[in-house]
Every structure is written in structure tokens, then in C-alpha cells.
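Below is one structure, written out as C-alpha cells; comments come after it.
Each reported figure results from applying straightforward, stated rules to the coordinates on display, with no laboratory input. The shown structure was predicted, so the numbers you read here are calculated from the model rather than taken from an experiment. As a convention, Cβ positions derive from the backbone with ideal geometry for all residues, glycine included, and neighbour counts pool all protein chains shown.
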Amino acid sequence: MEENGKVRIGFYALTSCYGCQLQFAMMDEILQLLPNAEIVCWYMLERDSKEIEPVDIAFIEGSVSTEEEVELVKKIRENAKTVVAVGSCAVHGGVQSWEKDKSLDELWKTVYGDGTVKFQPKMAEPVEKYIKVDYKIYGCPPEKKDFVYAIGTLLIGSWPEDIDYPVCLEC
Ligand code: SF4
């Protein structure tokens with residue numbers, strides 16, 4: 001926590017569509033959080049330009065799909081008091097983790113052909129496979145009310161209850 005009493009928040013993204021962050025950005029309630037919180041890192045606004053700073057709450061969107069992301073989630077965990085996995089990609093691995101019958105090489109060639117990239121790909125997996133996750137917000141993207149409940153509860157120093165998330169919202 002800052003000396004000014006504000007809770008330090010970081011919002012990080014791994015392999016994802018940034019939809020969970022967009023959902024967060026579209027919450028009017030964010031404005032009400034600001035007097036009590038400081039967003040020290042938000043990948044949607046600024047990425048790769050800062051070191052991972054210590055935070056009270058780290059929200060992580062996306063699956064772990066490269067060797068670089070393995071190191072990144074470990075660093076986020078080392079610097080966060082509480083880690084929250086946000087959305088189906090972070091919690092379950094997302095659609096990018098569904099194809100288990102093909103090798104990484106086959107998948108890679110299907111998407112990128114013989115193209116080269118700067119990162120080292122690996123099969124997509126949930127964040128919890130690599131680090132301890134303290135709380136999960138389900139959905140793709142999560143519903144705003146679940147975000148508000150989790151953030152609001154954590155900000156007042158309490159702990160949110162797990163929310164049952166049905167496979168079908170009509171269930
Ligand atoms: Fe996008 Fe859904 Fe993954 Fe969130 S959970 S990053 S909305 S695909």
C-alpha cells in the first residue's frame with residue numbers, strides 16, 4: 001500500500017484478446033475506485049515500458065503461451081501480495097489451449113507458416129499452472145458485477161467469496 005493509503009493495482013496481460021481489460025476499462029465504477037487505489041501498471045495503456053513494480057493486487061489476463069510469459073508471471077507473483085486470474089484464458093487457458101491433438105510445431109505452422117518471431121512459443125496453459133493464484137474471476141470476458149465485487153471487496157481489506165460460474169448463463 002502507498003504511504004497515501006492507496007491500494008496499488010497492476011493489470012497485466014499474457015496471450016489474450018485484451019477483452020477482459022476492455023471490460024474493466026468500461027466500468028463506470030473505476031472512477032469510484034480511484035480515490036482508494038492507484039493503478040501503477042495497465043498493459044492496455046502501456047506495455048513493456050516498465051519494470052514490474054510491487055503491487056497489492058495483480059490482475060492477470062490471458063494464458064501462459066510463451067517461455068517469456070512463464071518468467072513474467074513468476075515476476076508478477078514475486079511482486080504482488082494478491083494475484084487475481086481474470087477471465088477464461090487466465091483461469092482455464094482459453095480457446096488457445098483447447099487443441100491438444102496437435103503438436104506445437106503443427107499449430108505454429110498452421111498459423112504462422114515459416115514465419116519467425118521474437119518469442120519462444122509453448123502450449124497455452126492457465127496461470128495457476130506456474131504460480132499461486134489467490135482468486136479467480138470467471139467469464140469471457142467476466143461480467144462487470146463480478147469485477148466490481150472482487151475489486152471492491154479486496155479494496156476494503158476483506159476477501160471475496162468464490163463465485164459459482166455456470167457453463168451456461170441460463171443454467
Ligand atoms: Fe479475451 Fe475472453 Fe480471454 Fe478475456 S477471457 S482475454 S475476453 S478471450
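Give the angle, between 0 and 90 degrees and rounded to the nearest 10, that separates the Cα long axis of helix 67-78 from the longest principal axis of the Cα atoms of the chain. Compared with the principal axis, the helix lies near 20 degrees. Sparse packing (at most 13 other Cβ atoms within 10 Å of the Cβ) combined with a DSSP loop state is found for the following chymotrypsin sites (Phe, Trp or Tyr not before Pro) in the range 66-137: 98, 119. Here the Gaussian network model covers the chain, with springs between Cα atoms less than 10 Å apart; of 129, 144, 118, 118 fluctuates the most. Kirkwood radius, the range 36-102, all distinct C-alpha pairs, inverse of mean reciprocal distance: 13.1 Å. Each principal axis of the Cα cloud of the chain was taken in turn, and the coordinate range along them, longest first, works out to 51, 43, 26 Å.
A straight Cα-to-Cα reach below 23 Å connects residue 6 with the lysines 50, 75, 81, 136, 144, 145, residues fewer than 8 places away in its own chain not being considered. Ignoring aspartates and glutamates fewer than eight residues from residue 109 along the same chain, the ones with Cα atoms less than 15 angstrom from its Cα are 99, 101. Rounded to the nearest 10 degrees, the inclination of helix 144-155 to the longest alpha-carbon principal axis of the chain is 60 degrees. Projecting the Cα positions of 149, 159, 66 onto the charge dipole of the chain (unit charges on Cβ atoms of Lys, Arg, Asp and Glu, taken about the Cα centre) puts 66 furthest along the positive direction. At q = 0.26, 0.27 Å⁻¹, what base-10 log of I(q)/I(0) does the Debye formula yield for the range 1-84 when every alpha carbon is treated as an equal point scatterer in vacuo? Reported log10 I(q)/I(0), two decimals: -1.45, -1.51. Measuring r between the beta carbons of residue 68 and residue 101 and using R0 = 25 Å, the FRET efficiency lands at 0.45. For the range 7-52, a simple Cβ point-charge model (Lys and Arg +1, Asp and Glu -1, everything else neutral) yields a dipole of about 100 debye relative to the Cα centre.
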